1. Looking only at region 14-28, decide whether some residue is of a type outside the set (A, V, I, L, M) and surrounded by 18 or more Cβ atoms within 10 Å (Cβ to Cβ).
2. Filter region 224-261 down to residues that are among the polar types (S, T, N, Q) and more than 31 Å from the chain's Cα centre (by Cα) and give me whichever is surrounded by the most Cβ atoms within 10 Å (Cβ to Cβ).
3. Is at least one residue of region 187-202 part of a loop (DSSP other than H, G, I, E, B) and polar (S, T, N, Q)?
4. Residues being surrounded by fewer than 17 Cβ atoms within 10 Å (Cβ to Cβ) and either outside the structural domain of residue 338 (by TED's automatic domain parsing) or in a helix (DSSP H, G or I) (or both): count how many of those fall in region 262-279.
5. Would you say residue 93 is crowded, with 20+ Cβ neighbours inside 10 Å, hydrophobic (A, V, I, L, M, F, W, C) and modelled with pLDDT of 90 or more?
6. Could you tell me which numbered condition residue 63 fails, if it satisfies all but one of (1) more than 28 Å from the chain's Cα centre (by Cα); (2) under 20 Å from residue 168 (Cα atoms)?
7. Residue under question is residue 44, and the condition is that it be in contact with a Ser or Thr (Cβ under 6 Å, 6 or more places away or on another chain) and hydrophobic (A, V, I, L, M, F, W, C); does it hold?
Amino acid sequence: IAGPTTFYVMKVFSQQPLNPDALPKWVRIRPDLTDGEAQAIERLPEIKYAAIWAQLMGRLEFEGRRTQNTGIYAADAGYTEIQGGALVSGRWFTPAEERAGASVAVIGGAFVRRLFGNIDPLGRTMRVAGRPVTVIGVYEPAENIFAPPGSETGAVITYRFADHAFRIDPVNQLFIAVKPRDGVSVAAAQEAVTVQLREMRKLRPADGNTFDIITQDQILDVFNSMTGVFFAVMIVLASVALLVGGIGVMAIMMVSVTDRTREIGVRKALGATRRDIQTQFLIEAATLTGVGGVIGIVFGLVAGSAVTRLLTIQASPPWGLTLIAVAVSIAIGLVFGVLPARRAARLDPIEALRYE
């Protein structure tokens, strides 16, 4: 999202998509957002930009080439006021095209390279979510810290075209994007928008709002909540995997001690101390897990490189984390190798030499 002052008006704000066929009554009775409400908000003196948008999902297609499902915005020529970025070729929609709901599109630069290669896309007809549109511009988006990897905007189409061509979900996909004027605080702009919508919807002072306003702080809270849960789950899964792997290493080393009982007896008979035997088996356990960790990292780097090439996102871990992963692998070997190493060190040399 481009600026910290941007906020959105929604029918209802939910951290998880709501099932349109099973909405709670309090959501169903709320009016849908309208283009007229967006225009009224934009006329407020506190507001620089406001427009009704829809965020859709679909494939982009051109002459047999297609993308995976990607983000498609139904908006207007003020798209960059909210999302930032820049037009690199062509143009945005004209007011006449917006009013008529023209089947034109501005597409993301990353998707131009995937679909058109070296062909100039301007003036070409492609399909957006199965609907034919004419490409009139190419857009390079700004970096969005809230967007998950691989979720680039594929295309921007006119809202009126989307309203006629698609079934827009008014709960999960429809919203009004708002940007205050310079020098106007977000709180003041939100208050002005709230008053305007309450007047338009003829709400009494005792009535609650029949719309939600979501700010950048709320978006950040949702983002932090989602990433926090994700990392917590990953830590639990990684801990379980390390525990299982460590137990496996301990079992392997126990078998190794049993199989090499006579060898241990010979070494002790030749003067090896308990410390020597224990150190030997600890080194072997650490080597076992260290080599396993390196092999896993190699596979991870290869997979990350493939994902980077396919999705044009950075999926390879930094070298610092790679070194930490190797160190953790070795540490697991040392920790779970202690018991087998002690067992080997405490073997009676006479009994060990008799072992068959």
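The values are calculated or read from the model by the stated rules, or taken from the named source; none is laboratory data. Treat the numbers as computed from the prediction; the structure is a model and nothing was measured. Glycine gets a Cβ as well: all are built from the backbone with ideal geometry, and neighbour counts include every protein chain shown.
1. No.
2. Looking at residues that are among the polar types (S, T, N, Q) and more than 31 Å from the chain's Cα centre (by Cα), I get 261.
3. no
4. Number of matching residues: 8.
5. On the way: crowded, with 20+ Cβ neighbours inside 10 Å: yes; hydrophobic (A, V, I, L, M, F, W, C): yes; modelled with pLDDT of 90 or more: yes.
The answer is yes for residue 93.
6. In the conditions (1) more than 28 Å from the chain's Cα centre (by Cα); (2) under 20 Å from residue 168 (Cα atoms), residue 63 misses (2) alone.
7. no
Yes/no per residue for (1) part of a strand (DSSP E or B); (2) surrounded by fewer than 16 Cβ atoms within 10 Å (Cβ to Cβ); (3) touching a helix residue (DSSP H, G or I) at 6+ places or on another chain (Cβ under 7 Å):
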site	(1), (2), (3)
102	no, no, yes
106	yes, no, no
112	no, no, no
115	no, no, no
119	no, yes, no
123	no, yes, no
132	yes, yes, no
